[in-house]
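Presented below is the structure to which this report refers.
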Amino acid sequence: MTQSIYITSAEGHSGKSSVALGVLDALSRVTPRAGVFRPIARSTAERDYVLEMLLDHDSVDLAYDDCVGVTYDDVRDDADAALARIVERYKAVEAQCDAVVIIGSDYTDVGSPAELAYNARIAANLGAPVLLVLGGRAQQGHSETLGMSVARTPHEVGQIASLAVSELQHERAALFAVIANRADPDHLDEITASVRQVVDALPVGTAAERRSVPVWALPEDRFLIAPSVRGVLRSVEGELIKGDPALLTREVLDVVVAGMSMVNVLPRLKESAVVVIPADRSEVLIAALLANASGTFPSLAGIVLNGGFELPDAIVRLIDGLGSPLPIIATDLGTYDTAVRIMNTRGRLAADSQHRYDTALALFERHVDTELLTRELGVARPSVVTPLMFEYGLVDRARSDKRRIVLPEGNDDRVLRAAATVLSRGIADLTILGEPIEVRGRAIELGIDIRDAEVLSPFDAVHVDKFATEYARLRAHKGVTFAQAADTVTDVSYFGTLMVHLGLADGMVSGAAHTTAHTIRPAFEIIKTAPGVSVVSSVFLMALADRVLVYGDCAVIPDPTSEQLADIAVSSAATAEQFGIAPRVAMLSYSTGESGTGADVEKVRTATALVRERAPELLVEGPIQYDAAADAAVARAKMPDSEVAGRATVFVFPDLNTGNNTYKAVQRSAGAVAIGPVLQGLNKPINDLSRGALVDDIVNTIAITAIQAQGGTQ
């Protein structure tokens, strides 16, 4: 049976979209088919960005048009007919999902108590319990952006809760939980207690048959309500004429109107501000760009040139020569209209702002008991494991016992974005290598938060001296002197590896901008292989639609010997177990059992015997063909008595050519998510990234490395 939850509020601008994202993310951890539905579209003129953001979540596979019920016009014309249409369209979505997050209307039409009543009526007719979102801040006038709102007292939040709950009762909607969002961070407990008094006073039987209604409070976070530079660009109907488009996602925390001389503007610059400059004041524009690049003034979010004047060619050449990535937006509006529009720009929680997205999820995870939420909703954990559920499992495992991971490539934007996600979600502690001013400056430009990371220069004199001494000691048999070692250890891969070796970090993730050889060569020299292991190899964790398999070796050893194959099998089985996969090892070949002969088959046969000798407790079969290892029907025909055939979870390929091509074929043709390569056999975890790695790939690899550093199984 599909489980659903209806998220609504008693007013607009309550931050309901961030709550909806948190609920959807929590459901995605425990169900393979999550869905979203919007009963009343917020706009007929443009697509609903909240719905688009939720549909963009990896767990959702639904079309936008299928997830919208009716418009405000439909409700005004005939509320009963609109309700019938909503129910009909919801049922079509429900049939495709195991759980559905329903997002109530946004008070973009006529905000009144009647809108909450209609949302409650919809929820009752859909049979969906209500998660009530209360706004923790009172609006001043029509704008609540850039700090223009005031915190509500616990008593005021309680009063709103009382009115809203009464409205839900009147429409016979079941109250599931209450979240006070954007609440005063200094009074979360008092706010929760105030709302708790309201829900505890409900008549017996009203609150889901005497069930205790959960109450949570999420603190205000200025980044979630601040508009982005892109939002400002839309509001002023402007055009990006210079700067890096990637920086349009940065949050705007203030506005500076530069209607004065350069010497008076500079002291008034503020962190993450947009500076409004008349387009004919080119000296102020140049001064703002230079101040932003100097490192001695606040870092700006962007510049808006108003008035519609064209920049002189000489100024354009000068700006190009400065090479500043700071976004410069041109608008035809006057100074007053430009400033007013910027001040009235609302922040949007959108999928294209990773910082905002991560912040919203981190707040939700930190302050809401997601396990209680999904359990009370009646969503049971399924037997299948989807790729997304596996990735969530990695994150949960990693943060259960946080480790420090070093990232040598601090000059790569993908690494910085991944680092921000890892830090905000509490996955691991991080050390990022690079010049601190440059790394932190770039993070600020990108609008991401890496304040909790240690940023360390690979040329730091104290560390270089310490690392050179150790490296010279380790490589003395190769004739390496201290001077040579001092030169070598400033290479980021050597520097990071020595941090791991000396216990300053628990693991390293690199390779986004370096070759595999550059990443792992220092590990061979310094970390070395674990006891009883002769070779370093790799596996990919292949997340299929309903399970996760282990493929090895697909990245390191071109043509392993029988002894090396046996090592790969034993290491791969240990890796599988470390990630919660019961190892049943298939030693792959073009022949199954005793049916074939030849040097390649004999190599696998010998390797299988070595595995049984070294790890007699391990379930292993070989030589065996892939279909006999993976398909139960084929296994019954070819190896009916095998405990591995048809049920294999660990696939060991006879050579790199076969393994690499197979993992890519399965990845592309079967839609599997390939996580890796995960290096195995080293004394301490070092992992390599593909140079085409996406931010999510880097996050997953950091989580995997942290789990490896934890050691053992959980």
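Odds and ends about this structure:
- Cβ crowding within 10 Å averaged over residues, with 436-442, 530-536 ranked highest first: 436-442, 530-536
- Close amide H partners of Phe309, meaning residues 5 or more places away or on another chain with modelled amide H under 5 Å apart, are Ala279.
- Relative to the longest principal axis of the Cα atoms of the chain, the long axis of helix 154-170 lies at roughly 90 degrees.
- Estimated from the Cβ-Cβ distance and a Förster radius of 45 angstrom, the FRET efficiency linking Lys270 and Thr561 is about 0.10.
- Stretched out straight at 0.36 nm per residue, the stretch from Glu438 to Met343 would grow longer than its current Cα-Cα span by 31.1 nm.
- Rounded to the nearest 500, the 222 nm mean residue ellipticity of the chain from helices alone is -13000 deg cm²/dmol, with -39,500 (n - 2.57) taken per DSSP H run of at least 4 residues.
- Each of the peptides 88-99, 314-325 was scored by the mean count of other Cβ atoms within 10 Å over its residues; in descending order, highest first, they stand as 88-99, 314-325.
- Order by protection proxy (mean Cβ within 10 Å, highest first), peptides 57-65, 389-397, 123-131: 123-131, 389-397, 57-65
- At most 16 other Cβ within 10 Å, DSSP loop - chymotrypsin sites (Phe, Trp or Tyr not before Pro), the stretch 431-535: Phe459
- Compared with the direct C-alpha span, the chain from Leu372 to Ser534 gains 53.7 nm at full extension, assuming 0.36 nm per residue.
- Other residues within the sphere of radius under 9 Å centred on the Cβ of Ser538, judged by their own Cβ, net out at -2 (K and R +1, D and E -1).
- Between helix 354-367 and the chain there is an angle of about 90 degrees, using the helix long axis and the longest principal axis of the Cα atoms.
- Taking amide H as placed 1.01 Å from N in the peptide plane, Val304 has its amide H under 5 Å from the amide H of Val275, Val276, Ile277, Ile329, each at least 5 places away in sequence or on another chain.
- Over the chain, relative contact order from alpha-carbon pairs under 8 Å, at least 6 apart, %: 11 percent
- Cut-off 11 Å between beta-carbons: net charge of the residues surrounding Gly295, Lys and Arg +1, Asp and Glu -1: 0
- Whole-Å distance, taken between Cα centres, linking the stretch 448-499 and the stretch 544-577: 31 Å
- The slack in the chain from Ala84 to Glu310, taken as 0.36 nm per residue of separation less the alpha-carbon distance, amounts to 75.9 nm.
- When the C-alpha to C-alpha distance is required to be over 22 Å, the pairs from Lys466/Lys684; Lys478/Lys528; Lys402/Lys466; Lys638/Lys664 that qualify are Lys402/Lys466; Lys638/Lys664.
- Counting heavy atoms of the protein chains alone, Asp66 has an accessible area of about 80 Å² for a 1.4 Å probe.
- The chain: angle of helix 599-614 to the longest principal axis, Cα-based, in degrees nearest 10: 80 degrees
- Arg47-Ala665 FRET efficiency (beta carbon distance; Förster radius 41 Å; 0.05 resolution): 0.65
- Computed with every protein chain present, the accessible area of Tyr590 is close to 130 Å² [probe 1.4 Å].
- Two-site label geometry, Ala138 and Ile241: point separation in nm, points 7 Å out along Cα→Cβ: 4.4 nm
- With a Förster radius of 60 Å applied to the C-beta separation of Asp332 and Lys466, the computed FRET efficiency comes to 0.50.
The values are calculated or read from the model by the stated rules, or taken from the named source; none is laboratory data. None of these values were measured; they are calculated from a predicted model. As a convention, Cβ positions derive from the backbone with ideal geometry for all residues, glycine included, and neighbour counts pool all protein chains shown. Only protein heavy atoms, including side chains, enter the accessible area calculation; ligands, DNA and RNA are left aside. Shrake-Rupley method; radii C 1.70, N 1.55, O 1.52, S 1.80 Å.
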